[in-house]
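As structure tokens, the structure follows; a few thoughts come after it.
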Amino acid sequence: MSDFDGTITTKDGLYSFIETYAQKGWEKVEQDWVDGKINSKECLTEEFKLVPNLSEELISEFIRTLSIDESFVDFYKKIVEKNVDFYIVSDGIDYFINRILKKYGLENIKIISNHGEFRGEFFEISFPNDSQNCINNAGTCKCKVISDLKKEYEKIIYIGDGVSDYCAAGKADVLFAKSRLLDYCGKKGIKCLSYNTFEDILFLLAPKI
Ligand SMILES: [Mg+2]
Ligand SMILES: [Zn+2]
């Protein structure tokens, strides 16, 4: 399983969406989240309220500017050939994730994330994968997702890059980490493999799958 923003995409998509389109005040919301005053659910909901004229066209226009690690396309095809089940686990929004993947011809990937949809002119965000026991009070509780999947699978490989991956990191059987997640694992003594692109991961995994 893999994180999405910053791991599959080259930059954090939701953050740059808000940075580009939200009205003044979003920085304070973001800071409150960083300071732990609000959780990621409140942060996301509040920030989207600050985007004027939010529409499907606006999101499409934004998605045209986003790119992914292009070696992910090849990576995904290869693991599907090997019958390895793959999930994207993200504290982002499925509406964005699906559209970004589609741009690269990727469809039908299993996604566990927050849900967003237009109801009339309102963009409604819901959190079908949260958990009352989540220590981070995240929109999508990755620690719960990984615990649930562990009942189903013998071995879990996790790929991530940031803060939202911390709680899942210690629970994976094989962990690939970069950026802040890599630093975190170093500090906490969590065993992981360092990577930069999905090409690296494919190379490192080849003998194992
Ligand atoms: Mg990330
Ligand atoms: Zn959690």
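Worth a mention:
- Scope region 181-209; condition in contact (Cβ under 8 Å) with a residue 60 or more places away in the chain and not in a helix (DSSP H, G or I); matching residues: T197, I209
- Test: residue in region 125-148 that is away from ligand 1 (no atom under 16 Å from the Cβ), closer than 25 Å to A206 by Cβ and touching a residue at least 12 places away in the same chain (Cβ under 8 Å): no
- Breaking point among (1) over 15 Å from the mean Cα position of the chain (by Cα); (2) within 28 Å of T65 (Cα to Cα), for K187: (2)
- Residue within region 107-115 that is basic (K, R), assigned to a strand (DSSP E or B) and at pLDDT 95 or above present: yes
- Filtered residues of region 154-209 (kept if buried (at least 21 other Cβ atoms within 10 Å of the Cβ), within 16 Å of ligand 2 (Cβ to nearest atom) and not polar (S, T, N, Q)): Y158, G160, D165, A168, A169, A172, L181
- Candidates in region 131-148 are the residues that are surrounded by fewer than 19 Cβ atoms within 10 Å (Cβ to Cβ) and more than 8 Å from ligand 2 (Cβ to nearest atom); of these, the one that is farthest from K110 (Cα to Cα) is Q132.
- Considering residues of region 110-130 that are among the aromatic types (F, W, Y) and surrounded by 12 or more Cβ atoms within 10 Å (Cβ to Cβ) only, the residue farthest from V51 (Cα to Cα): F127
- Among residues of region 13-54, those that are within 19 Å of the chain's Cα centre (by Cα), at pLDDT 95 or above and among the small types (G, A, S), counted: 0
- Check on Y87, touching a residue at least 40 places away in the same chain (Cβ under 8 Å), in contact with a strand residue (DSSP E or B) (Cβ under 7 Å, 6 or more places away or on another chain) and more than 19 Å from Y15 (Cβ to Cβ): yes
- For region 16-74, a residue qualifies if it is touching a Gly at 6+ places or on another chain (Cβ under 9 Å) and within 30 Å of I201 (Cα to Cα), and the qualifying residues are S40, F62, I63, L66, V73.
The values are calculated or read from the model by the stated rules, or taken from the named source; none is laboratory data. From a predicted model like this one, the values you see are computed outputs, not experimental measurements. When we count neighbours, we look across all protein chains shown, and the Cβ atoms used for this are built from the backbone with ideal geometry, even at glycine.
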